[in-house]
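Asker: Quick one: this structure, given as structure tokens, is what I'll be asking you about.
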Amino acid sequence: MSYILILGAKSDMAKAVARVYASHGYDLYLACRNTAELDEQIKDIDVRYSRKAVPVEMDITATETHAAIYGALDPKPEGVISVVGYLGDQKTAEKDFSEADRIMRTNYAGPVSMLNLAANDMESRKSGFIIGISSVAGDRGRKSNYIYGSAKAGFSEYLSGLRNRLFTAGVHVMTVKPGFVDTKMTAGMDLPKKLTAQPSEVAEDIYSAWSKGKNVIYTKKRWRLIMLIIRHIPEFMFKKTSI
Amino acid sequence: MSLYSWGNYPRIENRVIRYTGERGLAETISKNSQMIPYGNGRSYGDSALGDTILHMRNHDLFISFDDQTGLLRCKSGVLLSEILDVFVPRGWFLKITPGTKLITIGGAIASDVHGKNHHVEGCFSECVLSFRIMTADGDIINCSREENADMFHATCGGMGLTGVILEADIYLKKINSKNIVQTTVKTSDLKATFDAFSEYKHMPYSVAWIDCLAKGSKLGRCLLMAGDFADDGDLTPNADRKKDIPFNFPSFSLNNLSVSAFNTLYYAKGKNGVAKVDYDQFFYPLDAINNWNRIYGRNGFTQYQFILPLDASYEGLEKILKKIADSGKGSFLAVLKLYGKANENWLSFPMEGYSLALDFKIEHGLFDLLYKLDRIVLDYGGRIYLTKDVRVPEKTFEQGYPMIDKFRELREQTGMNRKFSSLQSRRVNI
Ligand SMILES: Cc1cc2nc3c(=O)[nH]c(=O)nc-3n(C[C@H](O)[C@H](O)[C@H](O)COP(=O)(O)OP(=O)(O)OC[C@H]3O[C@@H](n4cnc5c(N)ncnc54)[C@H](O)[C@@H]3O)c2cc1C
Ligand SMILES: NC(=O)c1ccc[n+]([C@@H]2O[C@H](COP(=O)([O-])OP(=O)(O)OC[C@H]3O[C@@H](n4cnc5c(N)ncnc54)[C@H](OP(=O)(O)O)[C@@H]3O)[C@@H](O)[C@H]2O)c1
């Protein structure tokens, strides 16, 4: 059976995505740091779906290790889903470049390094797919999280270019822009219920959009309209807001 | 984001702490007091509500399954629906299931829930071999009928007040079909309803829907549904039939007239006879409508569920049904069921006899009616089901549960009373 490689496999969102793909018959490569912590998740996939889940030790910021990690995968994955991300702390990132650097490397440089390898492989195979989890935060820079937002913006544009490049090879590239999701990343934040998705909802949205060959999706869907409005607020007004 | 329970009443602010692992939970327990575990919020009242909520839903991993014995080990946040999704296609079903599959294993144990087969199979604890629970000092202990037996019997039905259940070993049962052969019987009054229950006692599953607004000679008329699994080898997954109720209905939409019309229609539509339906239709008809609780409006609703001992059931029910019909307070759902023997758990609800469950919109005058019903229930030696309750007074509660002092003692001795409490436990002083 074919494999899906999931980057950032320990997150709540990745756990949900892994389940949906396993339930549709895929085996999994689960890539993350401290893979020892994946043992229970791997058993869960086995009991629920009788599918294989193989741990892959990976730090997304250790880009020099990526070629070896991807090279060792046998068989090569049919699809790669990048879920890794790091929200970080905006205020710290303004004063301390190492925090800004970590945000940029986790949300942008790191995923680019892994996805480049996958893209080259899939382009030569003329098959496969890539799904990248970006964020609505990348649709417009705001003072509350623009370091994270700009890294996600970069990642969204990367995926857009990649989609353009791989089109002729028949490789499907999909960009996912979640709004609020109820996960470890947002624990303790007071999020509006109606705009906040559960990880399982995001995973179902991803699977269904992917099966329809969609390019860019928002989840929950109402975020598309919200971001359309936010993107169209004129800059002279936008700069005075705190949203 | 504050959490509510299924009745959407009361709506209180609370701090929600999501489960992040055993170490994190132990730390949370050592630093806080007045915490209450929360599964999937399908209890109707304030059993899972408090100032600090330990949200266990995402503790949802399957650990192992033995396909020789049907023994499943999983974490406490796993939903019954997830178990069915995975195991019905392999020919296994829950031994005991309530009328919704959207509850967690933790919630099923803590309320010692029961289903349409209580008269044959008993409560949920019957399928529980053992569980691991985190106590007030952060230790994890194994509980079964042999090991820490007191904790086992206090926790099954203990409403989250004896610690946080982390994982459990439960037995599933073999099925050869996802379908149920269902017999529907329409009765004309309470006497006929009781006769029908006796007649269909041999069937593993049975429950009756009572028309609570019918008066006089029609008092107690019902549709009784009885059934058992078919033997047709069909184990294909059910189609997804979910519908949404998009917003809270304005609370005036559910007046006496509309309930009465609904009841009359439902009764008129019911046909005597035998039909084959899938397990979702038979066990979980309400799960097909997402958020159906919203039809009761923003003020929310409650469910009044009581049970009466067998020999007092007929007289008691007759009295209570009269009171309800006279009050004109509507109930969409009134479910009557014949139960089997009580078990050894300290706070489990079931006893041999009949139980009635009715939904009421929260409105002025409702609690006065319910206090009156309480008195009848106690007069006839019955009791109230905590997992549906939001208002029962301490004295009323106590009188129905003879083991309550033992439970209080265990909470005191183990320090549980200083760590775990819900709005409900504070109200009834346990
Ligand atoms: C439509 C519908 C039909 C129903 N039908 C029936 C029925 O037929 N029979 C029946 O018996 N019940 C029935 N119920 C009630 C329901 O089964 C119980 O209230 C059940 O306990 C809810 O489980 P939950 O996971 O949602 O838990 P919650 O509602 O979140 O919590 C319920 C109780 O369990 C405790 N709890 C939850 N998780 C844990 C844990 N991990 N460790 C320790 N304590 C925990 C809570 O503290 C609380 O006291 C029905 C409810 C609905 C909405
Ligand atoms: N939650 C939201 O509201 C929201 C909204 C929009 C977009 N998103 C995006 O959705 C994705 C999933 O996020 P989430 O909400 O599920 O949060 P999360 O649990 O914090 O997920 C982020 C994951 O990335 C992993 N990661 C971070 N740095 C890494 C590194 N150097 N190497 C390898 N893995 C690393 C983390 O691993 P560890 O477990 O080891 O820390 C974690 O599993 C992210 O891309 C996030 O930006 C989230």
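Asker: Given the criteria away from every other protein chain (no Cβ under 14 Å), on the phi < 0 side of the Ramachandran plot and within 17 Å of the chain's Cα centre (by Cα), does A:A203 qualify? So that I can check it myself, show each step before the final result.
Answerer: Values: away from every other protein chain (no Cβ under 14 Å): no; on the phi < 0 side of the Ramachandran plot: yes; within 17 Å of the chain's Cα centre (by Cα): yes.
Taking the combined requirement at face value, the residue does not satisfy it.
Asker: Please specify each residue of region A:62-121 satisfying the condition of being among the β-branched types (V, I, T), within 13 Å of ligand 2 (Cβ to nearest atom) and either within 19 Å of A:S11 (Cα to Cα) or in contact (Cβ under 8 Å) with a residue 60 or more places away in the chain (or both). Even if it seems obvious, please write down each step before you answer.
Answerer: The first filter runs over region A:62-121 and keeps only residues among the β-branched types (V, I, T), leaving A:63, A:65, A:69, A:80-81, A:83-84, A:92, A:103, A:106, A:112.
Cutting the leftovers down to within 13 Å of ligand 2 (Cβ to nearest atom) gives us A:63, A:65, A:69, A:81, A:83-84, A:103, A:106.
Passing the criteria: A:I81, A:V83, A:V84, A:I103, A:T106.
Asker: Do any helices (runs of 4 or more DSSP H) entirely within region B:277-393 hold 3 or more residues that are of a type outside the set (D, E, K, R) and either under 30 Å from B:E82 (Cα atoms) or within 16 Å of ligand 2 (Cβ to nearest atom) (or both), and if so, which?
Answerer: B:279-283
Asker: Just for region B:254-303: of the residues that are modelled with pLDDT of 90 or more and open to solvent by 70 Å² or more (accessible area, probe 1.4 Å), which one is nearest to B:D46 (Cα to Cα)?
Answerer: The residue in question is B:N299.
Asker: When region A:161-171 is examined, which residues are found to be open to solvent by less than 40 Å² (accessible area, probe 1.4 Å) and either outside any helix (DSSP H, G or I) or touching a residue at least 60 places away in the same chain (Cβ under 8 Å) (or both)?
Answerer: Passing the criteria: A:A169, A:V171.
Asker: Working only within region A:31-76, note down all residues that are away from chain B (no Cβ under 14 Å) and aliphatic (A, V, I, L, M).
Answerer: Those that are away from chain B (no Cβ under 14 Å) and aliphatic (A, V, I, L, M): A:A31, A:V54, A:V56, A:M58, A:I60, A:A62, A:A67, A:A68, A:I69, A:A72, A:L73.
Asker: Let me ask something additional. Condition (residue is away from chain A (no Cβ under 11 Å), in contact (Cβ under 8 Å) with a residue 60 or more places away in the chain and part of a loop (DSSP other than H, G, I, E, B)) applied to region B:53-64: is it met by at least one residue?
Answerer: For region B:53-64, residues away from chain A (no Cβ under 11 Å), in contact (Cβ under 8 Å) with a residue 60 or more places away in the chain and part of a loop (DSSP other than H, G, I, E, B): present.
Yes/no matrix, rows are residues, columns are (1) within 16 Å of ligand 1 (Cβ to nearest atom); (2) within 19 Å of the chain's Cα centre (by Cα); (3) within 27 Å of A:V173 (Cα to Cα):
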residue: A:L5; (1), (2), (3): no, yes, yes
residue: A:G8; (1), (2), (3): no, yes, yes
residue: A:R19; (1), (2), (3): no, yes, yes
residue: A:A31; (1), (2), (3): no, yes, yes
residue: A:S50; (1), (2), (3): no, no, no
residue: A:T63; (1), (2), (3): no, yes, yes
residue: A:A67; (1), (2), (3): no, no, yes
residue: A:V80; (1), (2), (3): no, yes, yes
residue: A:G85; (1), (2), (3): no, yes, yes
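Asker: Give the residues of region B:218-253 that are at pLDDT 95 or above, exposed (fewer than 15 other Cβ atoms within 10 Å of the Cβ) and small (G, A, S), sorted by residue number.
Answerer: B:G233
Asker: Sticking with this structure for a sec: Name every residue in region B:379-400 that is away from ligand 1 (no atom under 15 Å from the Cβ) and either closer than 17 Å to B:A342 by Cα or of a type in the set (D, E) (or both), in order of residue number.
Answerer: Passing the criteria: B:D379, B:Y380, B:G381, B:G382, B:E394, B:E398, B:Q399, B:G400.
Asker: Is it true that B:K337 is touching a residue at least 40 places away in the same chain (Cβ under 8 Å), more than 14 Å from chain A (Cβ to nearest Cβ), more than 16 Å from ligand 1 (Cβ to nearest atom) and over 21 Å from B:Q424 (Cβ atoms)?
Answerer: So B:K337 does not fit the description; no.
Asker: Continuing with the same structure: Against the condition farther than 19 Å from B:F360 by Cβ, within 16 Å of ligand 2 (Cβ to nearest atom) and within 14 Å of another protein chain (Cβ to nearest Cβ), how does B:T28 come out, does it pass?
Answerer: no
Asker: Could you pull out the residue among A:A93, A:A137 that is under 15 Å from A:T175 (Cα atoms) and at pLDDT 95 or above?
Answerer: Only one candidate passes the filter, namely A:A137.
Asker: Name the residues in region B:123-153 that are open to solvent by 10 Å² or more (accessible area, probe 1.4 Å) and in a loop (DSSP other than H, G, I, E, B), would you?
Answerer: B:T135, B:A136, B:D137, B:G138, B:D139, B:R145, B:E146, B:E147, B:N148, listed by residue number.
Asker: Something else about it: When region B:20-50 is examined, which residues are found to be more than 12 Å from ligand 1 (Cβ to nearest atom) and in a loop (DSSP other than H, G, I, E, B)?
Answerer: Those that are more than 12 Å from ligand 1 (Cβ to nearest atom) and in a loop (DSSP other than H, G, I, E, B): B:T20, B:G21, B:N32, B:S33, B:Q34.
Asker: I need the full set of residues from region A:187-232 which are among the β-branched types (V, I, T) and either within 16 Å of ligand 1 (Cβ to nearest atom) or touching a residue at least 12 places away in the same chain (Cβ under 8 Å) (or both), in order please. Break it down stepwise before answering.
Answerer: Filtering region A:187-232 down to residues among the β-branched types (V, I, T) leaves A:196, A:202, A:206, A:216-217, A:219, A:226, A:229-230.
A:T196, A:V202, A:I206, A:V216, A:I217, A:T219, A:I226, A:I230 - these are the residues of region A:187-232 that are among the β-branched types (V, I, T) and either within 16 Å of ligand 1 (Cβ to nearest atom) or touching a residue at least 12 places away in the same chain (Cβ under 8 Å) (or both).
Asker: Among the candidates A:K184, A:K194, A:K214, which residue alone is closer than 22 Å to A:I131 by Cα, open to solvent by 60 Å² or more (accessible area, probe 1.4 Å) and modelled with pLDDT under 95?
Answerer: Selected residue: A:K184, the only one of A:K184, A:K194, A:K214 that is closer than 22 Å to A:I131 by Cα, open to solvent by 60 Å² or more (accessible area, probe 1.4 Å) and modelled with pLDDT under 95.
Asker: Just give me the residues in region B:392-426 being within 25 Å of B:G39 (Cα to Cα) and of a type in the set (S, T, N, Q), in sequence order.
Answerer: Once the filter is applied, which keeps residues that are within 25 Å of B:G39 (Cα to Cα) and of a type in the set (S, T, N, Q), region B:392-426 yields B:T414, B:N417, B:S421, B:S422, B:Q424, B:S425.
Asker: When you scan region A:124-137, do you find a residue that is surrounded by fewer than 18 Cβ atoms within 10 Å (Cβ to Cβ) and in a helix (DSSP H, G or I), even just one?
Answerer: As a first pass, look at region A:124-137 and keep what is surrounded by fewer than 18 Cβ atoms within 10 Å (Cβ to Cβ): A:124-127.
So of that shortlist, the ones also in a helix (DSSP H, G or I) come out as A:124-125.
Yes - at least one qualifying residue is present in region A:124-137.
Asker: Can you name the residue in region B:1-19 that is part of a loop (DSSP other than H, G, I, E, B) and touching a strand residue (DSSP E or B) at 6+ places or on another chain (Cβ under 8 Å) and is also nearest to the other protein chains (Cβ to nearest Cβ) among such residues?
Answerer: B:M1
The values are calculated or read from the model by the stated rules, or taken from the named source; none is laboratory data. Here the structure is a predicted model, which means the values were calculated and not measured. In this analysis, Cβ positions are derived from the backbone assuming ideal geometry, glycine residues included, and neighbour counts consider all displayed protein chains. With ligands, DNA and RNA removed, areas are computed over all heavy atoms of the protein, side chains included. Shrake-Rupley method; radii C 1.70, N 1.55, O 1.52, S 1.80 Å.
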